Every structure is written in C-alpha cells, then in structure tokens.
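The values are calculated or read from the model by the stated rules, or taken from the named source; none is laboratory data. All values derive from a computational prediction rather than experimental measurement. Backbone-built Cβ (ideal geometry, glycine too); neighbour counts: all protein chains shown. Remember, those area values only see protein heavy atoms, side chains included, never the ligands or the DNA or RNA. Shrake-Rupley method; radii C 1.70, N 1.55, O 1.52, S 1.80 Å.
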Amino acid sequence: MTDELIESILNESRSFAPSKKFIKQANLNKEEAERLKEEASRNHIEYWAKLAKDELDWFLPFKNILDESKAPNYEWFNDGEINASFNSLDVNASNNPEKTAIIFEAEDGKSERITYKELLSRTSQFANGLKKLGVVQMDRVVIYMPMCPEAVIAMQACARIGAIHSVVFGGFSSNALKDRIEDAEAKIVITADGAYRSGNIVPLKQATDEAVAQSSHEVKNVVVFKRTGEKVEFNQERDIWWADLISGCDSHCDPEPLNAEHPLFILYTSGSTGKPKGIQHSTAGYILHAKTTFSWIFDIKKDDVFWCTADVGWITGHTYVAYGPLLAGATILIYEGAPTFPDVGRFWKICEKHAVTIFYTAPTAIRALMKHGDEIPQSYDLSELRLLGTVGEPINPEAWMWYHNIIGKERCPIVDTWWQTETGGAMISPLPGVTNTKPGSCTMPMPGIDVDIVDESGESVEAPNQGGYLVIKKPWPSMLRTIWGDNQRYIETYWDKFDGRYYVAGDSAYKDTDGCHWIMGRIDDVLNVSGHRLGTMEVESALVSNEKVAEAAVVGKPHDVKGESIFAFVVTKGNRPTGEDAKKMQQGLREWVNEQVGAIAKPDEIRFSDNLPKTRSGKIMRRLLRAIAREEAITQDISTLEDESIIKQLQGKE
Ligand code: PRX
C-alpha cells in the first residue's frame, strides 16, 4: 500500500462533528435537513416551487415550475416576474433600513459602512445614470472594477434595470478584456481610474482604453469611477466620470419587473478551448439558490459579519458577495487589496478589526498564509469567528487541519463547498450544524441537488472509493442556461457525453464508505491555479500568438501553495534557445502571457525543445509531458517518437 493511499484512508475516517453549542443554534438542524432532502426526493419540482414562493418576492407569481420542452435548455418559473435587485435591496431596506449591508476595508486601512437604505439609494441613483446613457433591458454592461462597494452597486444597478452585467476580473489584461467586450458586444464598460493592489496602482482605465480601442465591437460609453485620483486619459466623447453621471440623478429608481428567465449576468470562464465561455445565468433560479445556500451553509444570523474574500470578478464573488448575502439581508465585508499587504497578517487583522464571524476563502490563500507560521494569526483576536469555509479547489488535509486548529481554534465548523461558475451556487457542502466534516471532503449534496458519480457508460458507481464522472442528474434552478452566443458549445460541453441525460461537471470524484464526496480534479484540459480555472489551451494560444513561438504545450504540475502550477513546453521558430538566451526568452514569454491573458496565466516554468512529442496521428502526448513536468518515471510507450532524444531536451537534461 502506498503512503498516499494510507494517508487517504486515514483522512476518510477522521471526521469532526459540530459542537453541541453550534448544533443548538444552527439555521438547519438534522431533522429539518432530512425533511428538505426527503421533500426534494419525493417531488423535486414541488420542492423548488415551494422554496421559490417562500424565499423570493415576485411581481407576478409563477405558475410554471420547470419547463423541459427545450432541454437541456431548462427553464424555471418562466411565467413569473421578478427583480434581483428588488429582492436584495428594497426588501431589506424596508425591513431593516439602518442595518449595515457593506463594510468596506480599503487597502490603506480606511473603512466605510453602508446601510441597506444607502445601498438602495446609491444603486438606484447609478441605475438612473445608466438609463441616462441609454442602457435598456438586455444591453450588456462590462464591469472591470476594483474590489469596492461601487462594483457591487454597478452589478445591482444593472440587475435593477434588466441590463446584463459581465464582470471581468481586474487582474485580467486588456487583451482578455477586449475578447470579453467583443463576445458580449458590450454597450458600456464601467471601470475605475485605478485599483490599489499591494501598495501599487493597477491601471484599469488604461487597460480599458486599450481594450476598447482594439475591440471590433464599438463600446458606446466608458464610465470611470474615481478611486485613486491618478491622472488618466479621457475621451470626452466616450468617457464619463461616475460622479458626473449620477449628479442630478434621482436616488429612486423603480426596479423593472423581469421575466424569471431574464439573463442576470454573463460570466466568462475557461474551458478546454482557447476561447473563454460566457456562462449565462437567469434571474429567479439563480437568486433562489444563492439565497438559500447562503443561509443554510453559512448559517447566517442577524449580527453576523460575513467575509468572502473572493473578487466580484469570479463566480464566488457574484454569489456570495454581490447577491446571496444581500438577498439574505446580511452584513458583508469587502476588502479591496492583497492578503499580504502591508504584511501577511492582513486577513487576520481585518477579522479582528471588523469582528468577522464567518470567513470564506480559497485553500490556496490558507496554504500561502499557513507558510508564515502560527504566530501571526495567533497575535490577533479571532474569537468572533464561528464558522469557516473554503471553495475553489480541493483542500489538502494539512491545510484543513491548520485552518481548523489555528484559525478556528477547533471551535468553528469548516464548510468545504464544491461548485462551479456553471452551477451558480454551492452544490456539495457540509451543513454546519448537521454534517460531520472530513478534512479534504466536500461531504454531501445540498437538499434538492441530485449528484451522482457515474462510469464511462453513465451507470452509477456503487462501490465506495471508486472514481468516476461527477454528474448532476436533475435540473436545478441556478444552473447555467447556455453559453452566451454559442448554444451548441453548451450542449457539447455539458450534455453530450451521456446523451443529454445528465449535466457533466467536468470533475472526477468518488464517494467514501460514509457517502462523503471527494473531488479528484478536472477530467478535461483545465487547470486549477490558485483556485482559478484556467484552460491549458488558453495559455497555449497566448504563447503561440507570439511571433517567436512555433508550438506550445501546457500542462499542470502540483504546487504546494497554488495547488497547480503552469508548465509550458515551447518550440521556437528559430534555433532552440539555450543558456542566457533561453532565460531571456523565458522571461519575455512570461511577460507576453501576462499581457495576453493576465498574471494568473503566467507559466511558472518554460522549457524549450526542438519538437514536441506526438503520436503517429499527430496528437501531442500530454500524458508524457505531464510525467516529465512532474519528474515522474516515464511509463508511456515512446517508441513511436521520431526522435527519442527530444525526451532529454524536454527533461531539461540537454
Ligand atoms: O474542479 C472544481 C474546482 O473548481 C472548479 C470550478 O471552478 P470555477 O468555475 O472557477 O468556480 C470556482 C468557485 C466555485 C470545479 O469544477 N472546485 C471548486 N470548489 C471545489 C473544487 N474542487 C474541490 N473542492 C471544492 N470545494
């Protein structure tokens, strides 16, 4: 038996029950959770209909629940009318106007509190500003902003008037922004004069100018929020300052009654081709799952301060910053800057300063902070914390235990939430007052979510500890509706594998003897770098777009902080560079990828060779490259290689 296997068996059997104190006060207890699961399995449709009636405010109640006539383009509640911003802001501003909705912590340590009443009026005013620019229902608005309240206001304002937002993470390059503006055919881009990050200024406006200038689609206006006060280029015809736009605008704006299926947003994510996919979500189904999973998984109470560290540029920042918590009337914390600025204690300092009670972050952040030792978090008062969460990638048991012992002081349950951009909200996660947790397992599906693990022929894998495809067997309200502008790709990517029977998540997983789920990783050519999804093809196409590159193959390699790192094998057009030339070229190509995609896509390692290893049919032998990058023994048949000496080059031995 290998050490790895022994370790995994030990982890599976190590489980942590919530404390009596936690169980007593939990939003969902065992009986309620079982009742919900039982209702969902008895009548899946009625289960969702009841939740949608109880949890959401409708302008026009729905009669249709699930419409399968265009499957796999499922529709939910499609004769009802609703508004996401109304459900987030008006409902809570009327119930509890003075409650803090957002605590904003700027990178320089200044902070601001915004009540529900204020958030409603600021959102409404900005929504009126967008209307003044001629934004109407179905228009696409790209948001390329720092992590600040205005980013949430911009999203909520779009939702209010029925415009479709597409948030682009501020760490993406101008080129990546341009691709997304073109694909979404955005009418407006909302940006800022800059973003603070690690004490530096990220020039968002400059990147926007470049993107808009290069875009084949014409952007009508660029709205610029003044965050840094840096001098920026200003195109008088096209650009308008946020403050000037809202000046004179009324702070009341009626929310548009929208069809339940009205697209709320498009969010681009990586797939197995070079072109990111615009994942399209609906209104009612999405907010329903966002609200209920938020309340159940994070056990939210009226005095909680919830901090999800994700940027609004990712799905986690959509569902558990901009929508879920506001729909539930919670107080959220938004932090603008880097976790390590001005030092590695910043996260814990913020938890202490704002008395954070629920903290949700990515394993990569936990691993990065864990490296700096226990003394740093121990020097802050973390006694208000009562619940911890992770998302985005599998958490290794060592990091889980550190999170549990050093941050949670053995008192806070950890919710390891498995989900995806496509699923809209958490799908597999512990319920903190119910589920025994295990380090490294996301445990059990949420009520109403029909998860299974199937083999190549689509049959359920019954035996424990046997890996298979992770699939969702029944449609659920917050599922993606399509890929923007490419429904065929939607069908091929998620449904074709098992003839439309199940949604195929793209992950492999297994269940242990207790029925707990363990995610093993992606089954496609998608990497997970620091909890962010990245297509190997995306990095490859960035590399080959460089004039000096003939061919490139990118593989993932395990990394102790990032989870996975990017390893690129490159064939150049001229002679293979060696020595100093190779070093220079490596640096140049890393910078090139940074410009093409963004810093997250920069290869950690680049190795040059005269050729790439291919099969007789011309396919790159990726498994071989993966083994080489990981310095594993080569077990593949390499007899078909024209030139076996290439192996030495690929191994960096020549
Ligand atoms: O591979 C899974 C991994 O992240 C992928 C989804 O990436 P993205 O759409 O960017 O959304 C991330 C945030 C929801 C999944 O297919 N993943 C996500 N959460 C977990 C995870 N892997 C293991 N455990 C998790 N908790």
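Here is how the number arises for the chain: DSSP H runs of 4 or more residues each give -39500 (n - 2.57), the sum is divided by the residue count, and the result at 222 nm is -8500 deg cm²/dmol. List residues of the range 34-54, by number, whose backbone nitrogen lies under 16 Å from a label position 7 Å along Cα→C-beta of SER94. Output list for this probe position: 54.
Indicate the gyration tensor shape class of the range 530-650 (rounded, prolate or oblate), computed on the Cα atoms with a ≥ b ≥ c the square roots of the eigenvalues: a/c under 1.5 is rounded; otherwise a/b larger than b/c is prolate and the rest oblate. The shape class here is oblate. Under 15 Å from a label point 7 Å along Cα→Cβ of LYS220: give me every residue in the range 129-162 with its amide N that close. Only 129-142, 158, 161-162 fall inside the zone, counting backbone N under 15 Å.
I need the shape label for the range 96-139. Rule: rounded when a/c is under 1.5, else prolate if a/b > b/c, else oblate, with a, b, c from the alpha carbon gyration tensor. It comes out oblate by the Cα gyration axes. The Cα atoms of the range 94-197 give a gyration tensor whose axes a ≥ b ≥ c have a/c of 1.5 or more with a/b no greater than b/c, which makes the shape oblate.
If you take all other residues with their beta carbon under 13 Å from the beta carbon of ASP239, and give Lys and Arg +1 and Asp and Glu -1, the sum is -1. In the chain, the portion of solvent-accessible area held by carbon and sulfur atoms comes to 47 percent [1.4 Å probe, whole percent, DNA, RNA and ligands not counted]. In a DSSP loop and with at most 10 other Cβ atoms within 10 Å, the trypsin sites (Lys or Arg not before Pro) in the range 260-326 are LYS302. Largest accessible area first, the listed residues HIS517, HIS532, HIS252 line up as HIS252, HIS532, HIS517 when surface is computed with a 1.4 Å probe on the assembled protein chains. Hey, could you get me the Stokes-Einstein D for the chain, Kirkwood radius over alpha-carbon pairs, 25 °C and 0.890 mPa s, rounded to whole µm² s⁻¹? In µm²/s, the coefficient is 96.
Rounded to whole Å, the principal axis extents of the Cα atoms in the range 181-229 read 34, 15, 15, largest first. Computed extension gain for ASP250 through LYS409, at 0.36 nm per residue and net of the alpha carbon distance, reaches 52.4 nm. In this structure VAL232 has an accessible area near 30 Å², from a 1.4 Å probe over the protein heavy atoms. Exposure check, 1.4 Å probe, all protein chains in place: ILE201 carries approximately 70 Å² of accessible surface. Based on C-alpha pairs under 8 angstrom that are at least 6 apart in sequence, the chain has a relative contact order of 13 percent. Computed from the C-beta positions of ASN29 and HIS559 and an R0 of 51 Å, the FRET efficiency is 0.80 to the nearest 0.05. Pick out, in residue order, every one of the trypsin sites (Lys or Arg not before Pro) in the range 490-576 that is DSSP loop and has at most 12 other C-beta atoms within 10 Å; say none if there are none. Loop-located and lightly packed - LYS573. The modelled label-to-label distance for the pair SER457/LYS473, using points 7 Å beyond Cα in the direction of Cβ, is 1.7 nm. Put ARG367, ARG626 in order of accessible area, highest first, and with a 1.4 Å probe you get ARG626, ARG367. Per-residue extension of 0.36 nm, minus the Cα-Cα distance of ASP374 and PHE59, leaves a gain of 108.2 nm for this segment. Relative to the Cα centre, the charge distribution of the range 317-400, modelled as +1 at Lys and Arg Cβ and -1 at Asp and Glu Cβ, gives a dipole magnitude of about 160 debye. Across the range 388-425, the residues whose backbone nitrogen lies under 19 Å from the label position 7 Å along the beta-carbon direction of ALA17 are 410-415. Residue separation of ASP67 and GLU492 scaled by 0.36 nm, minus their Cα-Cα distance, works out to 150.9 nm of gained length.
Loop-located trypsin sites (Lys or Arg not before Pro) in the range 27-67 (DSSP state other than H, G, I, E, B) with a sparse environment of at most 14 neighbouring Cβ atoms within 10 Å: LYS63. Surface exposure of the range 530-650, expressed per residue as accessible area with a 1.4 Å probe, stands at 50 Å². Comparing Cα centroids, the range 524-594 and the range 321-374 end up 31 angstrom apart. Within the chain, DSSP assigns beta bridges of which about 60% are antiparallel (rounded to the nearest 5).
This model, with +1 at the C-beta of Lys and Arg and -1 at the C-beta of Asp and Glu, gives the chain a dipole about its Cα centre of some 640 debye. Calculation over all alpha carbon pairs of the range 482-536 in 10 angstrom steps from 0 returns a P(r) of 21, 40, 34, 6, 0 percent.
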